[in-house]
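Shown next, in structure tokens, is the structure this report addresses.
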Amino acid sequence: MMDIEVSRMSADTMELLDQLSAVCKRFGVDYYKASQNQRDLLDSIALHEYQLKKTHDKGLTRAEVPPFLGLKRTQRSNDMPA
């Protein structure tokens with residue numbers, strides 16, 4: 001016999017999924033029909049935007065969030081609010 005434990009998703013996980021849904025809608029992509037490369041890109045965009053939102057909520061600058069896909073950010077961009 002196998003025991004299965006079900007638990008609620010955290011508020012942070014729900015926010016991240018909401019962000020992923022918004023990104024998919026913005027680009028007109030059905031996540032479940034997307035290729036693995038498309039899913040990876042959508043996941044990366046959603047995570048980056050989620051991190052920017054959380055950082056903005058804390059009143060910090062973009063420098064606190066890793067650049068999207070490792071792209072180099074200008075100092076001017078780093079100094080902007082998230």
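The values are calculated or read from the model by the stated rules, or taken from the named source; none is laboratory data. This one's a predicted model, so the numbers in the text were calculated from it and none came from an experiment. All Cβ positions, even for glycine, are placed from backbone atoms using ideal geometry, and neighbour counts span all protein chains on display. Just the protein is used for accessible areas: all its heavy atoms, side chains included, with ligands, DNA and RNA removed. Shrake-Rupley method; radii C 1.70, N 1.55, O 1.52, S 1.80 Å.
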note = Output for Cβ contacts, cut-off 7 Å, separation at least six or different chains, first residue farther than 20 Å from Gln19 by Cα in region 54-82, second of a type in the set (Val, Ile, Thr) and at pLDDT 75 or above, reads Asn78/Thr61; Asp79/Thr61; Met80/Thr61
message = So, in region 40-75, exactly how many residues are of a type in the set (Lys, Arg) and closer than 17 Å to Thr13 by Cβ?
response = 2
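Could you tell me whether region 29-44 includes any residue that is in a helix (DSSP H, G or I), in contact (Cβ under 8 Å) with a residue 24 or more places away in the chain and either more than 28 Å from Thr74 (Cβ to Cβ) or not polar (S, T, N, Q) (or both)? Lay out the reasoning, then the answer.
Filtering region 29-44 for residues in a helix (DSSP H, G or I) gives 31-33, 36-44.
Then drop every residue that is not in contact (Cβ under 8 Å) with a residue 24 or more places away in the chain, which leaves 44.
Okay, now just the ones that are also either more than 28 Å from Thr74 (Cβ to Cβ) or not polar (S, T, N, Q) (or both), so none.
For region 29-44, residues in a helix (DSSP H, G or I), in contact (Cβ under 8 Å) with a residue 24 or more places away in the chain and either more than 28 Å from Thr74 (Cβ to Cβ) or not polar (S, T, N, Q) (or both): absent.
Name the residue that is surrounded by the most Cβ atoms within 10 Å (Cβ to Cβ), counting only residues in region 31-82 that are at pLDDT below 85 and of a type in the set (Val, Ile, Thr).
If we filter region 31-82 for residues that are at pLDDT below 85, which is where we start, we get 60-82.
With the extra rule that they be of a type in the set (Val, Ile, Thr), the set shrinks to 61, 65, 74.
Numbers: Thr61: 14, Val65: 21, Thr74: 8.
This residue is Val65.
Considering only residues of region 1-30 that are of a type in the set (Ser, Thr, Tyr) and over 14 Å from the mean Cα position of the chain (by Cα), which is least open to solvent (accessible area, probe 1.4 Å)? Can you show your working first?
From region 1-30, those of a type in the set (Ser, Thr, Tyr) are 7, 10, 13, 21; that's our starting set.
With over 14 Å from the mean Cα position of the chain (by Cα) added as a condition, the list becomes 7, 10.
Working: Ser7: 92, Ser10: 58 Å².
Within region 1-30, the match that is least open to solvent (accessible area, probe 1.4 Å) is Ser10.
Counting just the residues of region 45-65 that are of a type in the set (Lys, Arg) and in a helix (DSSP H, G or I), which one comes out nearest to Ser77 (Cα to Cα)? Even if it seems obvious, please write down each step before you answer.
Restricting attention to region 45-65, the residues satisfying the condition of being of a type in the set (Lys, Arg) are 53-54, 58, 62.
Within this subset, residues satisfying the condition of being in a helix (DSSP H, G or I) are 53-54, 62.
Working: Lys53: 15, Lys54: 17, Arg62: 7 Å.
Only one residue fits best here, namely Arg62.
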